[in-house]
Amino acid sequence: MAINWFKYSAPSTFYVLAGKLIPWFAWPAAILFFVGMYIGFFVAPTDAVQSEAYRIIFIHVPASILSMIIYLVMAGYAALGLVFNTRLSSMMATALAPTGALFAFISLWTGALWGKPMWGAWWVWDARLTSELILLFLYLGFIALQASIEDPRRADRAGALLAIVGSVNVPIIYFSVQWWNTLHQGSTIKLSGTSMHIAMQQAMFTMLAAMWLYVITVALMRVRSIILERERNTQWVADLAEVKQ
Amino acid sequence: MNWTEFFAMKGYGLYVWGSYGAALLVLVIEIILVRHKRKLTLQQLRLKFVAENQMRDAENME
């Protein structure tokens, strides 16, 4: 069966599709969140070294991973919009930026609350922490730059350039614990295996899945408003049931 | 294990709940803002189309 994927790159079709998809991401996100919280607090054992403080990991690690993934996806969409001049891709990039910024913030906030009892400091200018802070500033810069340009297509192009150049920072964050001698601990989960307790892993990956689905949900919700705003002078928007009532 | 002990998190309660609380708060606020934005956008669109229809009607009257 041939599916015409380009059909969904039209804002008018994607608006309807996104509306239908939202509950399919929102409900699994909510369910996985509760499952992850349950495993994280009631099944996963106390850590031998970090006691109960380590439980911050179930929110800190998924949020940090997603702050990087969201950035790459955002830059990817922005680049697509820049190269192929597809409006919807640029709108997706715009929709992802605030959520990415929030996840970078959560990463830094939970990291500070973990660093204080473990290292004795809320903040250190370590390579991992500093590059994550730069990631937050890149998101904020992207949002501010787009907000400052009146013409949406020009805003898309300017934002795309910033996003593409800034993506250099993502591998720097990821490899920072290997490249530099950081206070931040290295990865516990590696391709070659892990020393982590199975319940700890389950809680972490469940929370990662829950947050990932949350990001998709909220991005779809946000992009629908962006589509309506940008397409406000078209007939299909005027014909929408939710606008007509 | 009782609940007091659970919430104390062996002395790390402030850090653990401070992390979870802030993260949850931020995400709930985001959902509220996104929904509010949709409501606002739809409202503005309705106003815009009502105004346009009135203008068209006025033109037809002349």
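The values are calculated or read from the model by the stated rules, or taken from the named source; none is laboratory data. Just so it is clear, the structure is predicted and the values come from calculations on it, not from any experiment. No Cβ is skipped: glycine too gets one built from the backbone with ideal geometry, and neighbour counts run over all protein chains shown. Remember, those area values only see protein heavy atoms, side chains included, never the ligands or the DNA or RNA. Shrake-Rupley method; radii C 1.70, N 1.55, O 1.52, S 1.80 Å.
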Practice item. Sort out which residues of region A:142-157 are open to solvent by 30 Å² or more (accessible area, probe 1.4 Å) and outside any loop (DSSP other than H, G, I, E, B), and write them in order of number. Key: A:Ile143, A:Ala144, A:Leu145, A:Ala147, A:Ser148, A:Pro152, A:Arg153, A:Arg154, A:Arg157
Check your understanding: In region A:77-106, which residues are crowded, with 21+ Cβ neighbours inside 10 Å and free of Cβ contacts under 8 Å to residues at least 12 places away in the same chain?
Key -> A:Leu102
Review point. If you check A:Ser176, A:Ser225, A:Ser187, which single one turns out to be among the hydroxyl-bearing types (Ser, Thr, Tyr) and surrounded by fewer than 16 Cβ atoms within 10 Å (Cβ to Cβ)?
Key: A:Ser187
Check your understanding: Any residue in region A:145-161 that is modelled with pLDDT under 95, under 28 Å from B:Ile29 (Cα atoms) and among the acidic types (Asp, Glu)?
Key -> yes
Check your understanding: Just to be sure, is A:Ala93 assigned to a helix (DSSP H, G or I), at pLDDT 95 or above, more than 23 Å from B:Arg38 (Cβ to Cβ) and in contact with a Phe, Trp or Tyr (Cβ under 8 Å, 6 or more places away or on another chain)?
Key -> no
Check your understanding: Just a yes or no: is a residue in region A:43-55 more than 22 Å from A:Ile198 (Cβ to Cβ), out of contact with any Phe, Trp or Tyr (no Cβ under 8 Å at 6 or more places or on another chain) and surrounded by fewer than 19 Cβ atoms within 10 Å (Cβ to Cβ)?
Key -> no
Review point. Which of the residues belonging to region B:1-52 are β-branched (Val, Ile, Thr), open to solvent by 70 Å² or more (accessible area, probe 1.4 Å) and within 26 Å of the chain's Cα centre (by Cα)?
Key: B:Val28, B:Ile29, B:Ile32
Revision key, fill the gap. Pairing a residue in region A:107-125 that is farther than 17 Å from A:Asn181 by Cβ and more than 10 Å from chain B (Cβ to nearest Cβ) with any residue that is not in a helix (DSSP H, G or I) and not polar (S, T, N, Q), where Cβ atoms lie under 9 Å and the two sit 6 or more apart in sequence or on different chains, gives A:Leu108/A:Trp123
Practice item. Go through region A:196-213 and count every residue that is under 24 Å from A:Ser89 (Cβ atoms) and either open to solvent by less than 30 Å² (accessible area, probe 1.4 Å) or at pLDDT below 95 (or both). Key: 1
Study note, to complete from the structure: Restricted to region A:232-241 and to residues being open to solvent by less than 50 Å² (accessible area, probe 1.4 Å) and within 10 Å of chain B (Cβ to nearest Cβ), the residue farthest from A:Ile70 (Cα to Cα) is A:Ala238
Point to revise | Options A:Met221, A:Met204; residue that is more than 30 Å from A:Ala144 (Cα to Cα) and either within 11 Å of another protein chain (Cβ to nearest Cβ) or assigned to a helix (DSSP H, G or I) (or both) | key: A:Met204
Review point. Among the residues of region B:1-22, is there at least one that is more than 9 Å from chain A (Cβ to nearest Cβ), in contact with a Gly (Cβ under 9 Å, 6 or more places away or on another chain) and part of a helix (DSSP H, G or I)?
Key: yes
Practice item. Test each condition in (1) open to solvent by 70 Å² or more (accessible area, probe 1.4 Å); (2) within 16 Å of A:Leu66 (Cβ to Cβ) for A:Ile134 and report the one that comes out false. Key: (2)
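Would you pick out the residues in region B:23-58 that are among the polar types (S, T, N, Q) and within 9 Å of chain A (Cβ to nearest Cβ)?
B:Thr41, B:Gln44
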Revision key, fill the gap. Restricting attention to region A:102-123, the residues that are outside any helix (DSSP H, G or I) and either modelled with pLDDT of 95 or more or within 19 Å of B:Ile29 (Cβ to Cβ) (or both) number exactly 0
